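Heads up, the thing below is written out as structure tokens.
The values are calculated or read from the model by the stated rules, or taken from the named source; none is laboratory data. Everything quoted here is computed from the prediction, not taken from an experiment. Cβ: placed from backbone, ideal geometry, glycine included. Neighbour counts: every protein chain shown. What goes into the accessible areas is simple: the full protein's heavy atoms, side chains included, and nothing from ligands, DNA or RNA. Shrake-Rupley method; radii C 1.70, N 1.55, O 1.52, S 1.80 Å.
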Amino acid sequence: RCPNAPIPNVQGPMPHAQCIQARPREWEERALRVLLALAAKPLQPPPRLHVLRFTDAASADALGAARRELPTDDAASADGRSTRLSVSSSPHYLMFEAEGVVRGDTRFKCAPPLRGSRNRDMLWRALADGTVDFLASDHTPTTLEMRAGSFLDAFTGISGLQFTLPATWSEAAQH
């Protein structure tokens with residue numbers, strides 16, 4: 001659970017929407033702004049930044065701008081984008097959306113949480129246009145017993161490494 005996150009007052013299984021409220025996308029946006037500002041500082045050696053578990057597709061433009069504005073190293077990419085910044089997301093953010101999570105189904109609890117279908121579609125575009133460099137499984141094997149309880153109590157992470165490649169491949173064919 002995030003420090004200082006409000007604990008929703010719910011009876012029975014917690015809906016995924018309250019999980020999203022406990023970890024708003026604005027937190028990711030703010031963290032990204034801070035990291036990009038640090039990466040832009042003229043430090044020696046120049047800092048390299050990898051954004052892990054990128055989920056807030058609304059911040060894709062900021063990442064694209066940073067790639068164009070950050071100085072390049074000797075190993076600049078062929079299109080002139082800075083190689084000092086790389087971005088990854090995880091397949092589950094491109095395969096699942098918040099609207100599809102049934103109340104109390106903690107198998108879909110991950111951090112950051114799944115966002116809406118519009119965000120999911122925008123993440124596919126960010127992957128296709130190169131804003132997201134690659135997908136990393138970020139799998140978290142766990143038992144159903146560890147998943148019991150509400151979204152606040154259940155173990156965090158998406159299981160199913162064995163399905164990552166075929167599921168991502170199938171979804172990508174539709175995008």
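Things worth noting here:
- Residue list for region 99-129, filter: in contact with a Lys or Arg (Cβ under 7 Å, 6 or more places away or on another chain), open to solvent by less than 20 Å² (accessible area, probe 1.4 Å) and not in a loop (DSSP other than H, G, I, E, B): 106
- Residue match in region 147-160 (condition: among the aromatic types (Phe, Trp, Tyr), at pLDDT 90 or above and either in contact with a helix residue (DSSP H, G or I) (Cβ under 7 Å, 6 or more places away or on another chain) or within 28 Å of residue 39 (Cβ to Cβ) (or both)): no
- Residues of region 143-158 satisfying the condition of being crowded, with 17+ Cβ neighbours inside 10 Å, assigned to a loop (DSSP other than H, G, I, E, B) and β-branched (Val, Ile, Thr): none
- Just one residue in the set 53, 30 is outside any loop (DSSP other than H, G, I, E, B), among the basic types (Lys, Arg) and modelled with pLDDT of 85 or more; that residue is 30.
- Residue in region 97-111 that is among the acidic types (Asp, Glu), within 19 Å of residue 25 (Cα to Cα), at pLDDT 85 or above and under 13 Å from the mean Cα position of the chain (by Cα) present: yes
- Residue within region 73-95 that is assigned to a helix (DSSP H, G or I), open to solvent by 20 Å² or more (accessible area, probe 1.4 Å) and under 22 Å from residue 172 (Cβ atoms) present: yes
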